[in-house]
Every structure is written in structure tokens, then in C-alpha cells.
Amino acid sequence: MGLTSHRNRYISVFFLALLFFGIGVVESLHLSQKRILQDDLRQHAKEELSALRFQLEAEVLADIYAVKSLTTLLALDPELKLYHWDQLAGAVIRHSDHLRSLGIAPNDVIVFSYPRPQTNALIGLDYRTVPQQWQSIKKAREVKQTFVSGPVDLVQGGRALVIREPIFYDPPNNTRYWGVLSVGMDWDSLLSATHIQSFGENFQVAIRGQDSLGSEGAVFLGKPQVFENAFAKETVYFPYGGWQIAVAETQDLLRLLPWYKRNLVRLLGYPVLLILMAGFGVIVRLYHFAEERSLHDPLTLLPNRRYFICTIENYFENAKRSHNDGNFALLNIDIDRFKSINDTYGHIAGDKVLVACAERIKSSLRVSDLVARIGGDEFLVLIPRIHREQDVLKVSDTIAKHISDTPIVYEGSLIHIRVSIGYALYDKSFNDPDEMFKQADQRMYAAKRRQNPLYRF
């Protein structure tokens with residue numbers, strides 16, 4: 001039926017639209033979830049960066065404050081008359097976390113170094129002859145505060161920060177310069193204590209501000225591009241100047257999460273979508289089943305009256321528009337004495353007769369012809385593309401003989417079947433299908449009255 005095919009097409013389109021809409025919703029929610037997870041990871045990274053900045057700052061300042069005790073002693077004993085500087089320097093180094101070496105330079109010339117004998121070669125070094133170091137000493141003297149320079153590469157390998165403590169004869173006025181106390185801080189030890197390397201395993205981390213120049217200084221840890229792509233920055237403050245530390249995403253930030261957490265929406269969404277689509281499919285299947293039952297006879301599985309009438313109305317309208325006679329024909333087939341068959345052999349036998357008649361009628365026709373059972377013992381046949389009355393009579397004769405030639409066997413009994421057939425061939429005189437039904441019905445009853453031994457026509 002054309003109506004059914006159109007409806008099926010609409011249902012298929014709706015099913016696909018619903019499927020794609022569901023996929024779109026799931027993927028949209030998945031993208032939203034990814035953004036939320038990324039924001040959470042960034043926020044967590046910002047908090048970690050803040051803690052990292054605090055720890056880095058605290059580690060450096062703790063060792064700076066440890067050196068302050070020596071600065072105070074030097075201010076009190078500018079002539080270095082005390083003979084226990086080795087013990088004092090050793091105590092400061094041991095009680096610090098990252099300090100490794102120490103040098104005292106009155107008038108910027110080293111006269112004492114620690115530890116010995118490793119640093120004995122430095123005795124007598126005039127900082128003014130070493131431009132790279134002299135710049136940081138000059139800066140400490142100018143700002144009159146602790147100055148953190150570096151990190152610098154060491155000859156013996158590794159890197160170190162150099163803390164310059166300017167010493168004056170007249171603290172706190174600090175107008176008369178005495179010299180400088182220089183302390184080496186192990187860079188690798190400092191990084192290990194702050195766990196910055198483990199943080200860098202998940203994010204891109206960089207630090208700039210060589211020689212305490214802050215955001216204006218060179219990058220000495222990580223890549224410069226990190227500052228261009230950073231989603232968070234923090235400043236490490238020293239007594240003078242500081243560093244800037246930045247964090248940026250890796251290429252796939254969500255790799256830090258377990259796969260199921262990254263795809264939680266999909267893991268929940270697609271099963272729900274599958275259930276919904278399966279439910280929709282079940283509903284459609286039940287609908288088709290119900291429609292099929294409403295359009296077909298449950299006993300013979302032939303189309304029923306509703307199906308047949310809808311089809312013949314379409315043919316009638318098409319024939320009207322084409323202005324041609326004889327486009328199709330209608331047959332009305334009635335089983336003779338069917339009530340006596342039911343009364344004699346029972347309703348089960350009657351049902352078997354109806355099924356056999358339906359099969360024999362179908363086998364007598366073309367695939368394009370339509371057979372319907374419209375109730376009781378009556379069948380209707382629609383024959384398209386037929387133009388002459390003698391062709392209609394020939395088809396009717398074939399059907400009648402096919403039905404009556406072979407009796408039906410039921411519980412050892414032979415049930416002989418005869419039918420009466422009436423017909424109506426379309427022409428322009430018919431105003432509607434009901435007139436064709438009426439003509440076919442009249443001819444069928446006329447055939448019954450003639451009592452032909454094979455069929456009534």
C-alpha cells in the first residue's frame with residue numbers, strides 16, 4: 001500500500017534523525033565534559049603552582065636567613081679577628097638545606113672560603129677581575145640588600161645559585177661598604193626539594209628571571225614558549241627582585257585522567273541512546289505488527305477489507321485522471337454452501353477450506369494482482385492492467401476451476417468446493433468504487449442463481 005510505504009519512509013527518516021540527534025547530544029555533552037575536566041585540571045594546576053611558588057620561595061629564603069647570622073658577625077668583627085670561622089661556616093652549611101660553599105671577601109677580595117681544602121684556590125681572588133661575578137656583587141652593593149644571582153653553571157658540573165650578602169661598617173645606615181659574603185646554593189637540591197620536576201611531568205613548566213630580574217630576565221628552566229601559552233603564572237619574591245614561574249598545558253591535558261573518566265559521558269550516554277533506539281525500534285515493530293493485523297486477515301494472511309478498499313480507491317483515482325476505460329477489474333468470489341460445510345464438518349474444516357481457497361486464488365493470479373478476504377466466505381480480487389471483458393472472464397474461469405478441481409481432504413473426508421464469481425471492469429461510467437462493488441456483487445449473486453456445476457457466472 002502506498003500509504004504504508006510512505007509511512008515507513010517517514011519512520012526511517014525519523015529514526016535516522018533521532019539517531020544522529022542522539023549522537024550529537026552525546027558528543028556535545030562529551031565536549032562539555034572535556035572542557036569542564038580541563039578547567040578542573042587547570043585549576044588544580046594553578047593551586048599546585050601556587051604551592052610550588054611558596055615552597056620555592058621558602059626554601060631560598062630559609063637559607064638566606066641562615067646566612068644572615070654570619071653577616072651580623074662580620075659586621076661586628078670586620079677585621080676577622082675570630083679564629084673559629086671554619087666552625088661557624090661549617091655550622092651554617094650543615095644546618096641549611098641547600099648551601100654548599102661560602103666565601104668572605106672584604107673589599108671584594110676573597111680571604112676566607114669554605115669548605116677547605118676544596119675552595120683553597122679561591123683565596124686571593126679579586127671579584128673585580130671576574131666580570132661575570134662582579135656584576136652581581138656591584139648590584140648587591142647598590143641595592144644594599146641580599147641579591148640572588150644565577151643560576152650559573154659550575155666548572156665541576158651542576159648548577160648553583162649565588163647569594164650575595166653586602167656587608168657595611170655602619171648597619172643599618174649602610175653607607176660604608178666593607179665587602180661581600182658569597183654563598184653557593186645547590187640548584188639540583190633546591191629543585192628536588194620543591195618537587196618541580198614531578199610537576200613538570202604533567203605540565204610544561206618554565207622559570208625566568210635570571211639574576212633576579214623577574215619577568216624581564218632570561219628563561220633558565222624550561223622553554224620560552226611556555227610563557228606564551230601559559231594559563232597560570234606566579235612570582236617568586238626575594239629580598240630584592242625575584243623570578244617568574246609559568247605553567248602551560250601539554251598537548252593532551254586529559255591524558256592525566258583515567259580513560260573511563262575522560263569518556264564518562266560516552267560510557268553513560270551511548271548505552272542510554274542504544275536503549276532509547278531499541279525502545280523506539282520495539283515500538284515501531286509493535287506498530288507495524290498492529291498495523292499488519294489491522295490490514296490483514298489473521299486466518300488466511302491475506303489483506304483485509306480496509307487494505308483492499310484503500311488500494312482500489314487509489315486505482316480508481318488514477319484511472320479517473322488517465323481518462324481511459326478498462327484499466328483494472330474487480331472480482332467478487334463467494335464460496336457456495338460454506339455454511340453447510342461448517343455445519344457438517346465443523347469450523348476447523350471451514351477454516352481449512354478458507355485457507356485452501358485463499359492459496360488457490362493467489363496461485364491463479366499474477367504477482368501484481370491483489371487478493372483480499374473481506375469476511376466470512378467472500379474474497380475480492382483486484383486485477384490491474386486489464387482492458388477486455390473476455391480477459392476478465394478468462395481469469396474468472398481459471399480461478400473457479402483451480403478452486404473446484406481438487407477437493408479438500410479433512411479427516412478422511414473429501415470436501416468439494418464450488419464458488420460463484422462476479423466481476424466489474426472499470427469504465428468512465430463508474431462514479432466511485434462503490435458502484436463497481438455493487439455491480440460485481442450483483443453478478444456474483446446472478447451466478448449463484450444459475451447453479452453452474454463449476455462456478456456461478
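Throughout, read-outs are computed from the coordinates displayed, never taken from laboratory work. Quick caveat: nothing in here was measured; it's all calculated off a predicted structure. Positions of Cβ are backbone-derived with ideal geometry, glycine not excepted, and every protein chain shown enters the neighbour counts.
Projecting label points 7 angstrom from Cα along Cα→Cβ for Val109 and Tyr65 puts them 3.7 nm apart.
Each residue of the stretch 181-187 was assigned a 3J(HN,Hα) from its phi angle through the Karplus curve 6.51 cos²θ - 1.76 cosθ + 1.60 (θ = phi - 60°); the sequence is 10, 10, 10, x, 10, 5, 5 Hz, with glycine and proline shown as x.
Between Val236 and Trp243, Gln244, Ile245, the built amide H atoms are under 5 Å apart, and every one of these is 5 or more places off in sequence or on another chain.
With 10 Å bins beginning at zero, the pair-distance distribution over Cα atoms of the chain amounts to 4, 14, 14, 9, 7, 5, 5, 5, 6, 6, 7, 7, 6, 3, 0, 0 %.
By other beta-carbon atoms within 10 Å, ranking Met277, Met185 with the fewest at the front produces Met277, Met185. Other residues lying with their Cβ under 12 Å from the Cβ of Glu59 contribute a combined charge of -3, Lys and Arg counting +1, Asp and Glu -1. Between Arg366 and Phe20, the FRET efficiency from the beta-carbon distance, with R0 = 60 Å, is close to 0.90. The ellipsoid equivalent to the alpha-carbon distribution of the stretch 297-456 has semi-axes of 28, 16, 13 angstrom, derived from the gyration tensor eigenvalues as √(5λ) and listed largest first. With equal scatterers on the alpha carbons only and no solvent term, can you work out the Debye log10 of I(q)/I(0) for the stretch 213-358 at 0.08, 0.09, 0.15, 0.16 1/Å? The Cα Debye sum returns log10 ratios of -0.60, -0.66, -1.00, -1.05.
Using the Cβ-Cβ distance between Thr72 and Gln118 with R0 set to 45 Å, the FRET efficiency from 1/(1 + (r/R0)^6) comes to roughly 0.95.
Listed by chain and number, the lysines whose C-alpha is less than 23 Å from the C-alpha of Lys46, apart from same-chain residues fewer than 8 away, are Lys34, Lys223, Lys233, Lys261. Backbone geometry of the stretch 282-291 corresponds, through the Karplus equation with coefficients 6.51, -1.76 and 1.60 at θ = phi - 60°, to 3J(HN,Hα) couplings of 5, 4, 4, 5, 5, 4, 5, 5, 5, 5 Hz, x marking Gly and Pro. Projected label points at Asp441 and Glu142, each 7 Å from Cα along the beta carbon direction, are separated by 11.7 nanometres. Straight Cα distances below 23 angstrom link Lys394 to the lysines Lys362, Lys428, Lys438, Lys448, with same-chain residues fewer than 8 positions distant left out. Amide H contacts for Asp108 (H built 1.01 Å from N in the peptide plane; partners 5 or more residues away or on another chain; cut-off under 5 Å): Val180. Only lysines eight or more places from Lys138 in sequence, or on another chain, were considered; those with a Cα closer than 24 Å are Lys68.
Dividing the summed helix terms, -39500 (n - 2.57) for each DSSP H run of n ≥ 4, by the number of residues in the chain produces a 222 nm estimate of -17000 deg cm²/dmol to the nearest 500. Put simply, the amide H of Asn327, placed in the peptide plane, has neighbours under 5 Å in Tyr426, leaving out anything fewer than 5 places away on its chain.
Fewest neighbouring Cβ atoms within 10 Å first, the residues Leu161, Leu302 line up as Leu161, Leu302. Residues of the stretch 431-447 with backbone nitrogen within less than 19 Å of a virtual label 7 Å along the Cα-to-Cβ line of Ser322, please, listed as ranges. Zone members listed by number: 431-434, 436-437. When +1 charges are put on Lys and Arg Cβ atoms and -1 charges on Asp and Glu Cβ atoms, the dipole computed for the chain relative to its Cα centre reaches about 1420 debye.
In plain terms, the residue of Ser368, Ser28 with the fewest other Cβ atoms within 10 Å comes first and the most crowded comes last, giving Ser368, Ser28. Modelled this way, with points 7 Å down the Cα-to-C-beta line, the labels at His387 and Arg9 are 2.9 nm from one another. Dipole of the chain computed with +1 at Lys/Arg Cβ and -1 at Asp/Glu Cβ about the Cα centre; of Ala246, Gly350, Ala230, farthest Cα towards the positive end is Gly350. For the stretch 379-386, 3J(HN,Hα) computed residue by residue from phi via the Karplus equation (6.51, -1.76, 1.60; θ = phi - 60°) reads 10, 10, 10, 10, 10, x, 6, 10 Hz, glycine and proline entered as x.
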